[in-house]
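The values are calculated or read from the model by the stated rules, or taken from the named source; none is laboratory data. The shown structure was predicted, so the numbers you read here are calculated from the model rather than taken from an experiment. Here the Cβ positions follow ideal geometry from the backbone for every residue, glycine too, while neighbour counts run over all protein chains shown.
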Amino acid sequence: MTRELEDRLVAALRWGAVTIRAADPGRPPWRQDGTAVVQPFDKLLVEAALLALLARRAIGPHPAVTDLVGAITDCRESLDRTYEIVRWRPYLWTSAGAVWVFLDRLSAGDPVKRGLLRELWNAPVVEPRERVPYRLLDQAWTRMIARGRPDSRISSAGLRSTTSLWNLDGALLMSRNDLYAITHAAMYLTDFGNAGRVPAAPGWIGALAAARLLLGDFDLAGELAVTDVLTRGAPEAGTLAAAAALSTVFDRLGFVPAPTFRAQDHAAAEDPSAYLFFHSYHSTFVYGLLCAVLITSGAHGSALARLMTSGVPEPELPEEWHGGRAGVTGLGAQIVHTCESWEGIAAARGGEPDLLRTVVDAYLLDAASRQDTPGVLALLGMRDVAGSSVVDGAARRLLTVRARLGGASWTFA
């Protein structure tokens, strides 16, 4: 399966090179608010350089890696602009300026500027902004890459304990930003699979991946699948569903659309190609990252990799994974709609995960995020059929607190 994963990673790399060469950094959507310091095109180059760096770890100096790096370094005006941003705001060298760090590790880009930046990379920089924990880990990991040696914050138990990843029992009420914090913490703490795995409370990552898949959020579903690889030996059922679905989408389209992609907006866009690239590049890079992490971490023989690389005929994709949004009436029928969709895709790719409990958890997470108390109660009533889970237990505890704060004295069993 290593070869099949490499093929998918190479396809994501080539798609990234095409995206960069097709983009016009001076026009929307790649340039938006003219007053913003960091523009969307700057972020594209950072993420592309990161993918190139991780791909080289996974597959070596493959021509597709070289081509993507070439596409990035050809953007001299944009790279020079980022360099000037760092000159004025030195603390941004670990974020917008990280493109130079990654290029340096790839021995690419202006060698004079890279040499001058090393002084900054090796010196303390005053930080004018307060950072949340996973951003501190982001900075620590970037410093580690730039300096070629460990950073003390990566191994800080105190810092780890404050991250969303170490507090998964609160995931029932996490925002989308909190979920991104989970995925990024896992990536930085493990050096994207290059330094082994980190522990995480079981039962949550797969359910969260399924909940994002339920909503068509392929971006976060992919990042959570990466997180499951970085935190567990065997992937959870929700991760298997997400990986099978993402590969099906990628094999069909050649890219993975972001949750912001809208077919009607794409059709009506002044430049449909720019719209497609802008609303697909990050999710497609995440898919490539998942392939790279599976190869780097030695998990390329796992059930997850098998579901991603199967070449058998694919089933039709539904318009909506969520039965309610697909117009299916009745909660039970909605869950059946989703279960059949995911099981059909997984079976077509050579897997048969038991997804009922995972699908119920996905709906439960969605209902809790919308504060849909009747929906939560109805889903909790399915425990006798679907079995128990950490998500189910967290929802019951939440309703117990809610009842007590409302003056009731009972406990939701």
*State which residue is surrounded by the most Cβ atoms within 10 Å (Cβ to Cβ) when the search covers only segment 16-44 and only residues that are of a type in the set (A, V, I, L, M) and part of a loop (DSSP other than H, G, I, E, B).*
Ala23
_Where Leu13 falls short, out of the listed (1) touching a residue at least 60 places away in the same chain (Cβ under 8 Å); (2) assigned to a loop (DSSP other than H, G, I, E, B)_ = (2)
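So that you can scan it fast, the table gives a plain yes or no per residue for (1) among the aliphatic types (A, V, I, L, M); (2) in contact with an Asp or Glu (Cβ under 9 Å, 6 or more places away or on another chain); (3) farther than 15 Å from Leu214 by Cα:
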{"site": "Thr358", "(1), (2), (3)": "no, yes, no"}
{"site": "Leu377", "(1), (2), (3)": "yes, no, yes"}
{"site": "Asp384", "(1), (2), (3)": "no, no, yes"}
{"site": "Ala394", "(1), (2), (3)": "yes, yes, yes"}
*Quick one: which helices (runs of 4 or more DSSP H) lie wholly within segment 128-195 and hold at least 2 residues that are among the aromatic types (Phe, Trp, Tyr)?*
133-147, 176-189
*From Val46, Val65, grab the single residue that is in contact with a Lys or Arg (Cβ under 9 Å, 6 or more places away or on another chain) and at pLDDT 95 or above.*
Val65
*Name every residue in segment 257-301 that is of a type outside the set (A, V, I, L, M, F, W, C), over 18 Å from the mean Cα position of the chain (by Cα) and assigned to a helix (DSSP H, G or I), in order of residue number.*
Gln264, Asp265, His266, Pro272, Ser273, Tyr275
*Could you name every one of the helices (runs of 4 or more DSSP H) located completely within segment 305-413 that has at least 3 residues being surrounded by 15 or more Cβ atoms within 10 Å (Cβ to Cβ)?*
331-348, 356-369, 373-380, 390-405
*Given (1) surrounded by fewer than 20 Cβ atoms within 10 Å (Cβ to Cβ); (2) assigned to a helix (DSSP H, G or I); (3) among the hydrophobic types (A, V, I, L, M, F, W, C); (4) more than 25 Å from the chain's Cα centre (by Cα), index of the condition Ala108 fails*: (2)
*Just one of (1) closer than 24 Å to Leu54 by Cβ; (2) hydrophobic (A, V, I, L, M, F, W, C); (3) modelled with pLDDT under 95 trips up Ala292, so point out which.*
(3)
_Residues that are among the hydroxyl-bearing types (Ser, Thr, Tyr), crowded, with 18+ Cβ neighbours inside 10 Å and assigned to a helix (DSSP H, G or I), drawn from segment 63-100_ = Ser78, Thr82, Tyr83, Thr94
_Condition (residue is surrounded by fewer than 24 Cβ atoms within 10 Å (Cβ to Cβ), touching a residue at least 24 places away in the same chain (Cβ under 8 Å) and under 22 Å from Gly288 (Cβ atoms)) applied to segment 207-214: is it met by at least one residue?_
no
